[in-house]
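Asks: Before I ask anything, here is the structure I am working with.
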Amino acid sequence: MIGMQTSSVLPHFNNSVRELADALSISVQAVYAWGGRVPPLRQYEIRDLLAKRGVSLEEASDQEVTRDAA
């Protein structure tokens, strides 16, 4: 799986670490512990959550990787 940036996920949760943490049933501290990259298993959970909302992170993840490679 391509790396997912925390910064590309937060806008889908009103830029709120609290909302992201609540959606995943984890603590805010756990989200902060990720740093800039979402752990692989959490990436799957986030993709599933957003898919239920009709949102895709594929383009956002691809853009992050392209920018990182530059």
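The values are calculated or read from the model by the stated rules, or taken from the named source; none is laboratory data. What you are looking at is a predicted structure, and each value in this text was computed from that prediction instead of being measured. Note that we place each Cβ from the backbone using ideal geometry, even for glycine, and neighbour counts take in every protein chain shown. Note: areas computed on protein heavy atoms with side chains; ligands, DNA, RNA excluded. Shrake-Rupley method; radii C 1.70, N 1.55, O 1.52, S 1.80 Å.
Asks: Considering only residues that are at pLDDT 50 or above, hydrophobic (A, V, I, L, M, F, W, C) and surrounded by 10 or more Cβ atoms within 10 Å (Cβ to Cβ), which ones fall in segment 39-70? Explain how you work it out, then say what you get.
Replies: First, the residues of segment 39-70 that are at pLDDT 50 or above: 39-58, 61.
Filter once more, keeping what is hydrophobic (A, V, I, L, M, F, W, C): 41, 46, 49-51, 55, 57.
Scanning segment 39-70 gives 46, 49, 50, 51, 55, 57.
Asks: Return a yes/no flag: does segment 23-41 have any residue that is assigned to a helix (DSSP H, G or I) and of a type in the set (D, E, K, R).
Replies: Pass one, segment 23-41, residues assigned to a helix (DSSP H, G or I): 23-24, 28-33, 40-41.
Applying the additional criterion that residues be of a type in the set (D, E, K, R) yields none.
No, segment 23-41 has no match at all.
Asks: Now a separate question. Among the residues of segment 11-38, count how many are open to solvent by 80 Å² or more (accessible area, probe 1.4 Å) and within 10 Å of the chain's Cα centre (by Cα).
Replies: Total satisfying the criteria: 1.
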